[in-house]
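Undergrad: This structure is in C-alpha cells; I'll ask about it shortly.
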C-alpha cells in the first residue's frame, strides 16, 4: 500500500492498523508493512502508539456497553472485543519498538551452518555424525584428525555422535564443553546459560574451571552464564522439536509460550502473569506455530490477538 508523503507518521500508522486488524494481509501488503516498520524506530513507535490507543479504547466503559451480545466468532473483526490487562499495552509497545525478531547477521556470517526462524535443519557431518539445528540457530564446525568441535553460537542443537573413541566430539557453548565419544544429546544456549540434556550414552560436561560432570541418559545439566557449577537433574526437556512437535507434560504456560516463541518472527506476549504457572499437557505442531498458539489459547480458555508481523498477545 502506498503511503501519502503528506500524512504524519501517526496517520500512516493508523491506516496500517486499520488494514492489518480488519483482515489477513496480502503478500504485497505484508511486504509493504514490513518495509514501513523497518524504516525507523519512529515508524514502529507510531504504530505502537496507535495499537496502545486502540487497546485503551476497547477497555473504556462506553466501548463495553456498545459491544453486541452476539458471540465474538461471528464478528468480522472478533479481536476488537478482546480485553487486555493493564500492563499489556506497555509490553506491546516494547515489542513494537524492537520490531520483528531477526537473526544476528554477524553470527550467520561467522558460522558454518545456521537456520532461519521457523526453519530447522538436519545435516550429516563428514565424520558421520548427524547434526540437527533448531529454529534460529547457528554453529561453527571444526573436524580434524585430532579433534571434533562444534561451537553453538546461538539456539539449540541435537547431535547423534558417530563413535570414534580416539577423537571425542565436543560441543562448545560459551564456557561450557559437552564431550562425548558416541551418543545422542541436546545443547540449548539461552540468554541465562546453557543446558545439556542426554538421551543416549554418557556426556561429560565441563564449565570453565569447574569440576567435570558425567551425565547419563535421562539426565540434564544447566550452567548459568555467571556460575561455573553445573546444576544436575532429571531430563525435563525433550527432543520432540527434531520431529516437528512440542510435547509437554504439566509444563507452565509461560515456558510453553517461550518454546513457541522460538518459531515465530513475531513476539509472543503473555499479558496476564496470573496465568504464567498454568500447567499445560499437550502435543503441538511446530511446522505451524501460529496454529499451535491458537489451539493452546482455545484449550486453555484464553484469548489470543495477532498484531500482524509484530506480536501475538495471549490473555
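The values are calculated or read from the model by the stated rules, or taken from the named source; none is laboratory data. Every value quoted in this text rests on a predicted model; they were computed, and no experiment measured them. Neighbour counts run over all protein chains shown; Cβ positions are idealised from the backbone, glycine included.
Undergrad: Consider region 124-149. How many of its residues are closer than 25 Å to residue 245 by Cα and over 22 Å from the mean Cα position of the chain (by Cα)?
TA: Count: 4.
Undergrad: Does residue 288 count as in contact with a strand residue (DSSP E or B) (Cβ under 6 Å, 6 or more places away or on another chain) and within 30 Å of residue 32 (Cα to Cα)?
TA: Taking the combined requirement at face value, the residue does not satisfy it.
Undergrad: Can you tell me which of (1) over 21 Å from residue 120 (Cα atoms); (2) in a helix (DSSP H, G or I); (3) touching a strand residue (DSSP E or B) at 6+ places or on another chain (Cβ under 7 Å) is the one residue 206 doesn't meet?
TA: Only one criterion in (1) over 21 Å from residue 120 (Cα atoms); (2) in a helix (DSSP H, G or I); (3) touching a strand residue (DSSP E or B) at 6+ places or on another chain (Cβ under 7 Å) is unmet by residue 206, namely (2).
Undergrad: Take region 267-281 and flag every residue that is surrounded by 13 or more Cβ atoms within 10 Å (Cβ to Cβ) and touching a helix residue (DSSP H, G or I) at 6+ places or on another chain (Cβ under 7 Å).
TA: Within region 267-281, 267, 268, 269, 270, 271, 275, 278, 280 meet the criteria.
Undergrad: Here is a further query. Take residues that are farther than 22 Å from residue 24 by Cβ and tell me which of the strands (runs of 3 or more DSSP E) falling wholly in region 255-315 contain 1 or more.
TA: 267-270, 279-285
Undergrad: Condition first: exposed (fewer than 15 other Cβ atoms within 10 Å of the Cβ) and not in a loop (DSSP other than H, G, I, E, B). Now tell me which residues in region 209-223 satisfy that.
TA: Within region 209-223, 214, 216 qualify.
Undergrad: Of (1) within 23 Å of residue 240 (Cβ to Cβ); (2) buried (at least 16 other Cβ atoms within 10 Å of the Cβ), residue 200 satisfies all except one. Which?
TA: (2)
Undergrad: Can you tell me which residue is surrounded by the most Cβ atoms within 10 Å (Cβ to Cβ) among those in region 1-60 that are at pLDDT 65 or above and outside any helix (DSSP H, G or I)?
TA: Residue satisfying both the conditions and the ranking: 25.
Undergrad: Can you find a residue in region 240-250 that is under 24 Å from the mean Cα position of the chain (by Cα) and in a loop (DSSP other than H, G, I, E, B)?
TA: Yes, region 240-250 contains at least one residue that is under 24 Å from the mean Cα position of the chain (by Cα) and in a loop (DSSP other than H, G, I, E, B).
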